[in-house]
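What follows is a set of notes on a single structure, which appears directly below.
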Amino acid sequence: MTLDADWAERWIRRTADAVVDRRDELTELDREIGDGDHGENLVRGFRAVVAKLDARRAEAEEPGASPRLVGDVLKLTATTLMSTVGGASGPLYGTAFLRAAKVTGHPEIDTRTIVAMLESALDGITARGKAEPGEKTMVDAWTPAVDAAERAAGEGDEADALRAAAAAADAGSTATIPLVATKGRASYLGERSAGHEDPGARSTALLLAAAVEALGEENA
Amino acid sequence: MTVSIVLVSHSAAMARGLAELAGQMAPDVTLVPVGGLPDGGLGSALDDVTAALRTAATATGAVVVLADLGSSALTVESALELDDDLAASVALAPGPFVEGAVAAAVAAHGGSDVDGVVAAVRDAGRTFAGAAGQAVPDADGDGRPGPGGDGRPGPGGQDDVAVGGDGSVTTTATLRNPLGLHARPAALVSRKVAELGASVLVDGVDASSVLQLMALGATQGRELTITVSGEGAAGAAKVLAEMIGSGFGEV
């Protein structure tokens, strides 16, 4: 099994559906410890990405259109999120997808490439946000996701790696609840941020779950 | 080459207001405000930030950027990651948004290069801490912060000129304008210092820093001690004393 641009497009479209479905939950989490716009921002950003994907699909049906790569879909996602999200998650997810696109710009997306894609995404988020694990940010979902994908890749295929990453991101997000925030808007609350799940960690878990769902029913 | 300055805020109104404030003190500097979302809401939009950076880079080729909260700086960094040409001519300066912008504008007006403007922003953070009550200079050496003496206006002008053993020149001038050394006159003094190219202390603080001058809290009637070192010190001291003694056009 190889992952192609159709998978990447299904991934992004499912993420858009997920953030619309969970908008109120994300906004509520952010309202508790941030500025309350995370759900709205991601809905606006991913809706804009879906509109771009629709437009690109129409172009691709024209004769002579070049074949698409996973990296093309991820780059379009990156630049659109950076332009439309509005909050810090725009440049953070935007940089994640931009770096991920750089390692997926070829047709052979195997298990090793999937691990490299997740690592590159985490590197991008860390470069931009300068957060470290344990500071109650999306890094607390991404870091265990990358570790789990690396472990799973030793014995399994790309689907195993993605499933392991999604499960670890979900657990990592839940594990942010008792943490005291020291980065991002929630850090202004200090001790009062404990007891609340980090909204960026939760949206990371949704994003990676969508990557698994996009594998298709026979593989998920 | 003059450095231009881009001000990135979550709020378009905040960016515009800050450009107005800093521009009043540095009328010849290109200040480009950018902020908010295209629909008028709060946030950061990559396309708008990129356009502002390009406008500034086209104007002068060297750009210093100040950003307010989280995503403003992240969006600037993203714009630079996407455009290598832009990255080569733009420096993001960390520091307090308002004080940093004022310091940057005055430094750029005085002809500082990118490093000098970035340093002015960084130093603005220290002055900010001082303004919060931590480091008020003991300007008059009487062991108490702030002005000493008998509180009566002293003689204006530069009658008492002393030449130190190190060649530095010290003179005094009395503030005559009603509001004292507030933002506009402080900017006039620090710009003149930059223009003269001299090393100047006014009541013990670095007179090239508009923020340090403002932090003196010098009011009408205070006698300021001006110490100038370096080449042409006597002439520079005379020019500055006359400027202060003239009341900055406010009397």
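The values are calculated or read from the model by the stated rules, or taken from the named source; none is laboratory data. This is a predicted model, so every value here is computed, not measured. Counting neighbours? That spans all protein chains shown, and the Cβs are built from the backbone with ideal geometry, glycine included. The protein model used for the area step is the full one, side chains on, heavy atoms only, and it has no ligands, DNA or RNA in it. Shrake-Rupley method; radii C 1.70, N 1.55, O 1.52, S 1.80 Å.
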Task: Extreme residue, nearest to the chain's Cα centre (by Cα), among residues of segment B:29-54 that are free of Cβ contacts under 8 Å to residues at least 40 places away in the same chain and assigned to a helix (DSSP H, G or I) - done: B:R54
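Conditions tested, residue by residue: (1) open to solvent by 40 Å² or more (accessible area, probe 1.4 Å); (2) more than 9 Å from every other protein chain (Cβ to nearest Cβ).
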| position | (1), (2) |
| --- | --- |
| B:E20 | yes, yes |
| B:P33 | yes, yes |
| B:L37 | no, no |
| B:D47 | yes, no |
| B:V64 | no, yes |
Open item on the list: Restricting to segment A:158-195, name every residue that is more than 14 Å from chain B (Cβ to nearest Cβ), crowded, with 17+ Cβ neighbours inside 10 Å and outside any helix (DSSP H, G or I).
Closed with: A:A175, A:T176, A:L179
Open item on the list: Out of the residues in segment A:66-82 meeting the condition of being surrounded by fewer than 24 Cβ atoms within 10 Å (Cβ to Cβ) and polar (S, T, N, Q), tell me which one is nearest to A:R22 (Cα to Cα).
Closed with: A:T79
Task: Filter result for B:A104 (surrounded by 21 or more Cβ atoms within 10 Å (Cβ to Cβ) and away from chain A (no Cβ under 11 Å)) - done: yes
TODO: Tally the residues that are away from chain B (no Cβ under 14 Å) and surrounded by fewer than 18 Cβ atoms within 10 Å (Cβ to Cβ), restricting the search to segment A:85-112.
DONE: 6
- [ ] Would you be able to tell me the number of residues in segment B:197-213 that are touching a residue at least 40 places away in the same chain (Cβ under 8 Å) and not in a loop (DSSP other than H, G, I, E, B)?
- [x] 5
- [ ] Could you tell me which numbered condition A:A121 fails, if it satisfies all but one of (1) closer than 26 Å to B:G43 by Cα; (2) more than 13 Å from chain B (Cβ to nearest Cβ); (3) open to solvent by 10 Å² or more (accessible area, probe 1.4 Å)?
- [x] (3)
Task: Enumeration of residues in segment B:86-101 that are open to solvent by 20 Å² or more (accessible area, probe 1.4 Å) and not in a helix (DSSP H, G or I) - done: B:A91, B:L92, B:P94, B:G95, B:P96
Task: Looking only at segment B:219-248, and only at residues there that are part of a loop (DSSP other than H, G, I, E, B) and in contact with a helix residue (DSSP H, G or I) (Cβ under 9 Å, 6 or more places away or on another chain), the one that is least open to solvent (accessible area, probe 1.4 Å) - done: B:G247
TODO: Using the structure shown, decide if B:S78 is assigned to a helix (DSSP H, G or I), in the same structural domain as B:D115 (by TED's automatic domain parsing), free of Cβ contacts under 8 Å to residues at least 60 places away in the same chain and surrounded by 24 or more Cβ atoms within 10 Å (Cβ to Cβ).
DONE: yes
TODO: Could you grab me the full set of residues in segment A:66-84 that are within 8 Å of chain B (Cβ to nearest Cβ) and closer than 21 Å to B:S11 by Cα?
DONE: A:M82, A:S83, A:T84
Open item on the list: Taking the criterion of being in contact (Cβ under 8 Å) with a residue 60 or more places away in the chain and either on the phi > 0 side of the Ramachandran plot or surrounded by 15 or more Cβ atoms within 10 Å (Cβ to Cβ) (or both), would at least one residue in segment A:57-65 satisfy it?
Closed with: no
Open item on the list: Only one of A:A211, A:A201, A:A220 is at pLDDT below 85, of a type in the set (A, V, I, L, M, F, W, C) and either in a helix (DSSP H, G or I) or open to solvent by 10 Å² or more (accessible area, probe 1.4 Å) (or both). Can you tell me which?
Closed with: A:A220
TODO: State all residues of segment B:77-91 that are small (G, A, S) and under 18 Å from B:V8 (Cα atoms); if no residue qualifies, say none.
DONE: B:S78, B:A79, B:A87, B:S89, B:A91
